[in-house]
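Undergrad: Okay, handing you the structure first.
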Amino acid sequence: MSVQSTAPVVAGGGMVRPVGFLTDIATVARRSVRSLLREPEAMAPALIIPTFFFIVNIGALESFVERNPGIDYRAFQIPVAIIFAVTGISRASVLVIDIQSGYLDRMLVTPVRRTTLLLGLMVADIVLAVALSLVVIAMGLVFGVRFGTGLLGILVFLALAVAWSLAFTGFPYTVALRTGNPAAVNSSFLIFFPFAFLTPAYLPRELMTGWMQNVAAWNPVTYLLEGMRSLLSQGWDGAALGKGAAAIGGLAVVTFVMAFRSLARRVATG
């Protein structure tokens, strides 16, 4: 159950009013973003892995895949790189520290709205996802990748990457709130690997065969990748973008329900 914020704030004319919902989010977010800025090294692992796979995959498969007309393999791989960069990044590790240190318990005795304890952390997640995405996009441009949809396409590409990252954060927050265990939170990214590799990550779906093609057709990451790739090569493909957005929305519904229910449970049980 959400507890309404009633902390008084003195306005310029001496009036007293309750703190607003956005103010609660901003308060939590400000602390989270500051902690993020103090840890720039946190970006390094999230960039090393996708950069490594991008370079290795191009070196190993580019000449083979590009035998099929109309495939720019560097553009084909950039969505894979950006999804690897932004999936699983979150402030869940900070939340675990707050649980273990008792800071979260102290927050729970204040009138701050409970949902903003997660929403404020997610603001920092968005900041980090944007930063990582911009680096990967810049890497793609350096390697000669071009967006057929222009600047607007780059912005939509960025929005899809950040939205996917945010949708996935519900899972590590759920683990953090349920376990309070940093090792469990750090391992939560592993659930993404089956989804990442059972997709057309390395080959177009039409070149896949057998059970792999069937599994990829049921994998939401497939439609995210295809939606992002359409911005690079096919231009504005409303169907592909709609399926990608639906994949993000479906994941967000599942993970956010899990995360906020876990928060409610911790509030209720202390």
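Undergrad: In segment 258-265, is there at least one residue being modelled with pLDDT of 85 or more, closer than 18 Å to ILE99 by Cα and more than 20 Å from the chain's Cα centre (by Cα)?
TA: Checking segment 258-265: at least one residue is modelled with pLDDT of 85 or more, closer than 18 Å to ILE99 by Cα and more than 20 Å from the chain's Cα centre (by Cα).
Undergrad: Starting from residues that are in a loop (DSSP other than H, G, I, E, B) and among the β-branched types (Val, Ile, Thr), keep the ones in segment 143-165 and report whichever is farthest from SER133 (Cα to Cα).
TA: In this case the residue turns out to be THR149.
Undergrad: Quick one: which helices (runs of 4 or more DSSP H) lie wholly within segment 166-270 and hold at least 2 residues that are over 30 Å from LEU152 (Cβ atoms) and either out of contact with any helix residue (DSSP H, G or I) (no Cβ under 6 Å at 6 or more places or on another chain) or not small (Gly, Ala, Ser) (or both)?
TA: Working: elements: 182-187, 192-197, 210-218, 220-229, 238-269.
Output list reads 182-187, 192-197, 210-218, 238-269.
Undergrad: Now a separate question. Among the residues of segment 242-255, is there at least one that is under 23 Å from ILE49 (Cβ atoms), out of contact with any His (no Cβ under 8 Å at 6 or more places or on another chain) and among the small types (Gly, Ala, Ser)? Quick ask: steps written out before the conclusion?
TA: So in segment 242-255, the residues under 23 Å from ILE49 (Cβ atoms) come out as 244, 247-248, 251, 255.
Then drop every residue that is not out of contact with any His (no Cβ under 8 Å at 6 or more places or on another chain), which leaves 244, 247-248, 251, 255.
Still in the list and also among the small types (Gly, Ala, Ser): 244, 247.
Looking through segment 242-255, at least one residue is under 23 Å from ILE49 (Cβ atoms), out of contact with any His (no Cβ under 8 Å at 6 or more places or on another chain) and among the small types (Gly, Ala, Ser).
Undergrad: Then there's this: Report yes if PHE53 is without any contact (Cβ under 8 Å) to a residue 40 or more places away in the chain and surrounded by 13 or more Cβ atoms within 10 Å (Cβ to Cβ), otherwise no.
TA: Here the answer is yes, as PHE53 does meet what is asked.
Undergrad: Let me ask another. Can you tell me which residue is surrounded by the fewest Cβ atoms within 10 Å (Cβ to Cβ) among those in segment 98-128 that are in a helix (DSSP H, G or I), among the polar types (S, T, N, Q) and touching a residue at least 24 places away in the same chain (Cβ under 8 Å)?
TA: GLN100
Undergrad: Only one of these conditions is not met by THR179: (1) closer than 22 Å to VAL96 by Cβ; (2) buried (at least 17 other Cβ atoms within 10 Å of the Cβ); (3) among the β-branched types (Val, Ile, Thr). Which number is it?
TA: Only one criterion in (1) closer than 22 Å to VAL96 by Cβ; (2) buried (at least 17 other Cβ atoms within 10 Å of the Cβ); (3) among the β-branched types (Val, Ile, Thr) is unmet by THR179, namely (2).
Undergrad: Identify the residue in segment 56-93 that is under 30 Å from LEU104 (Cα atoms) and touching an Asp or Glu at 6+ places or on another chain (Cβ under 7 Å) and, among all such residues, is surrounded by the most Cβ atoms within 10 Å (Cβ to Cβ).
TA: Going through the qualifying residues, I end up with ARG91.
Undergrad: Ok, one more. Enumerate the pairs (first residue in segment 32-49 and hydroxyl-bearing (Ser, Thr, Tyr); second residue anywhere and in a helix (DSSP H, G or I) and buried (at least 16 other Cβ atoms within 10 Å of the Cβ)) with beta-carbon separation below 8 Å, excluding pairs fewer than 6 apart on the same chain, so at least 6 apart or on different chains.
TA: What qualifies is SER32/VAL94; SER32/GLY120; SER32/LEU121; SER32/VAL123; SER32/ALA124; SER35/VAL94; SER35/ALA124.
Undergrad: For segment 208-246, what are the residues that are aliphatic (A, V, I, L, M), under 20 Å from PHE193 (Cα atoms) and without any contact (Cβ under 8 Å) to a residue 40 or more places away in the chain?
TA: Passing the criteria: MET208, MET212, VAL215, ALA216, ALA217.
The values are calculated or read from the model by the stated rules, or taken from the named source; none is laboratory data. Values in this document were obtained by computation on a predicted structure and should not be read as measured data. Positions of Cβ are backbone-derived with ideal geometry, glycine not excepted, and every protein chain shown enters the neighbour counts.
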